[in-house]
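Encoded as structure tokens, the structure appears first; notes follow it.
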Amino acid sequence: DPARVAAAVAARRDRAPGKLRALFLGRLDAQKGLDRLAAVIARTRHRVEWRVVGRAVLDRPGDLGFPVEPPATTPAQLDALYAWADTVLLPSRFEGVPLIVLEAQRFGCAVVATDVGATDEAMEHGADGFLVPPELPEPAMADAMAALLLRLDESPELLAAVGARAADRIARAGAGDGLRDFLDHLDRVVPE
């Protein structure tokens with residue numbers, strides 16, 4: 001719903017200053033970089049408000065040291081998560097083109113992701129999101145992701161600019177129109 005997206009973006013823009021809101025949304029499986037997620041949360045939780053949403057599908061996740069919310073099961077629940085978030089973290093070890101990037105961009109979220117698979121086709125580093133090189137060793141990977149989040153926390157202007165360019169990218173790509181049949185199908189098979 002374009003009106004809901006516009007309202008969410010306006011609410012984020014008009015929100016009183018506070019902690020950066022970061023979201024991890026997805027499968028709680030090793031492929032998604034849960035060890036990286038836990039390390040980034042540990043490095044940033046003093047300045048970043050976190051929400052972790054999902055469940056394990058393939059693996060049994062270890063303790064993230066952070067509460068996990070159950071998966072969103074309706075389009076409205078997903079929209080509410082993206083509307084809440086300023087940024088979305090994808091610390092994945094491998095991906096194709098992650099749909100979450102496009103969904104987050106639609107809401108003007110700044111995405112921080114590992115530069116794996118075709119993620120770089122969905123965003124341009126520094127312009128409408130941030131890509132972290134996959135060849136970084138594990139402690140440096142979490143450090144780089146945490147540093148990007150803390151930079152966004154320190155610079156509301158940068159956060160707003162990256163989010164606006166992300167939303168504009170999706171709008172220019174016609175994703176709302178191109179995905180309309182698919183989104184309508186999801187609304188039918190996953191009723192609210």
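Overview of results
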item: Boolean, Gly65 is farther than 23 Å from Arg43 by Cβ and not in a helix (DSSP H, G or I); result: no
item: Filter result for the condition that a residue is modelled with pLDDT under 85, open to solvent by less than 30 Å² (accessible area, probe 1.4 Å) and among the aliphatic types (A, V, I, L, M), over Ala16, Ala10; result: Ala10
item: Test for Ala42: is it open to solvent by 60 Å² or more (accessible area, probe 1.4 Å) and among the small types (Gly, Ala, Ser); result: yes
item: Those residues of segment 88-124 which are assigned to a loop (DSSP other than H, G, I, E, B), open to solvent by 60 Å² or more (accessible area, probe 1.4 Å) and charged (D, E, K, R), in sequence order; result: Arg93, Glu124
item: Residue among Ala160, Ala166, Ala127 that alone is at pLDDT below 95, open to solvent by 50 Å² or more (accessible area, probe 1.4 Å) and not in a strand (DSSP E or B); result: Ala160
item: Top-ranked residue in segment 76-87 [being of a type in the set (A, V, I, L, M) and within 13 Å of Leu23 (Cβ to Cβ); ranked as surrounded by the most Cβ atoms within 10 Å (Cβ to Cβ)]; result: Ala85
item: Test result for Ala171, on the phi < 0 side of the Ramachandran plot, part of a helix (DSSP H, G or I) and at pLDDT 85 or above; result: no
item: Subset of segment 78-133 [of a type in the set (D, E, K, R) and closer than 15 Å to Ala161 by Cα]; result: Asp86, Arg106, Glu124, Asp128
item: Unique match (being closer than 25 Å to Arg43 by Cβ and without any contact (Cβ under 8 Å) to a residue 60 or more places away in the chain) among Ala110, Ala104; result: Ala110
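The values are calculated or read from the model by the stated rules, or taken from the named source; none is laboratory data. Owing to the predicted nature of the structure, the values given are computational and were not obtained by experimental measurement. Because the Cβ atoms are built from the backbone with ideal geometry, glycine has one as well, and the counts that use them run over all protein chains shown. Each accessible area value is taken on the protein alone, full model and side chains, heavy atoms only, with ligands, DNA and RNA left out. Shrake-Rupley method; radii C 1.70, N 1.55, O 1.52, S 1.80 Å.
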